[in-house]
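Engineer: One structure follows; several queries about it will come next.
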Amino acid sequence: MSFASKWQAWAPRFQSMLRIVAGLLFFFVGTMKLFAFPIGMPGGMVVSLASLIGVAGLLEVVGGALVVLGLWTRPVAFILAGQMAVAYFIGHAGNGFWPIVNGGTDAILYCLLWLFYSAAGAGPWSVDAWLVSKKSSSA
């Protein structure tokens, strides 16, 4: 077996690792908004859940945690991709064309990352994969 084929065999594991790391980073974007943890929003404020940013923070905390676990990954990732598309067009696109200039790079990357997971699934290291294997073994 060649190095290339051994490396390619790791793709599903890397899919899971990327999901876990991205989910944790996304989770902490939400905790910053809602709980000022590990750092607060600019000016040290914490947002209200009744605000648009508060709803975004709630989606990021709950969605990020579910993504980390790999639970209901496809529908959760689809919702999060939509959130990031909305975030880009509401919060960034009006500040200039180029994402590096308008501050929308993260929103675009997260949008495409969550779209990928909505199509590809969580990978082997996930609650979703465990539930499928448990269901198939009991059938």
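Engineer: Residues in segment 106-118 that are under 17 Å from residue 69 (Cα atoms) and over 10 Å from the mean Cα position of the chain (by Cα): how many? Show your work before the answer.
Structural biologist: First, the residues of segment 106-118 that are under 17 Å from residue 69 (Cα atoms): 113-114, 116-118.
Now restrict to residues that are over 10 Å from the mean Cα position of the chain (by Cα): 116, 118.
Residues meeting the conditions: 2.
Engineer: Among what's in segment 101-116 and is among the aromatic types (Phe, Trp, Tyr) and under 20 Å from residue 57 (Cβ atoms), pick the residue that is surrounded by the most Cβ atoms within 10 Å (Cβ to Cβ).
Structural biologist: Out of the qualifying residues, it is 114.
Engineer: Show the residue pairs meeting these rules: Cβ distance below 8 Å; 6+ apart or different chains; first residue within segment 111-137 and in contact (Cβ under 8 Å) with a residue 12 or more places away in the chain and within 16 Å of residue 18 (Cα to Cα); second residue assigned to a helix (DSSP H, G or I) and of a type in the set (Asp, Glu).
Structural biologist: 121/128; 122/128
Engineer: Could I ask something else about it? Going through 1, 32 one at a time, which residue ends up being over 18 Å from residue 84 (Cα atoms) and out of contact with any strand residue (DSSP E or B) (no Cβ under 8 Å at 6 or more places or on another chain)?
Structural biologist: Selected residue: 1, the only one of 1, 32 that is over 18 Å from residue 84 (Cα atoms) and out of contact with any strand residue (DSSP E or B) (no Cβ under 8 Å at 6 or more places or on another chain).
Engineer: Would you call residue 30 at pLDDT 95 or above and surrounded by 15 or more Cβ atoms within 10 Å (Cβ to Cβ)?
Structural biologist: When the stated conditions are applied, residue 30 passes them.
The values are calculated or read from the model by the stated rules, or taken from the named source; none is laboratory data. Please read all numbers here as calculations on a predicted model, not as lab measurements. Ideal geometry is used to build each Cβ from the backbone, glycine not excepted, and the neighbour counts take in all protein chains shown.
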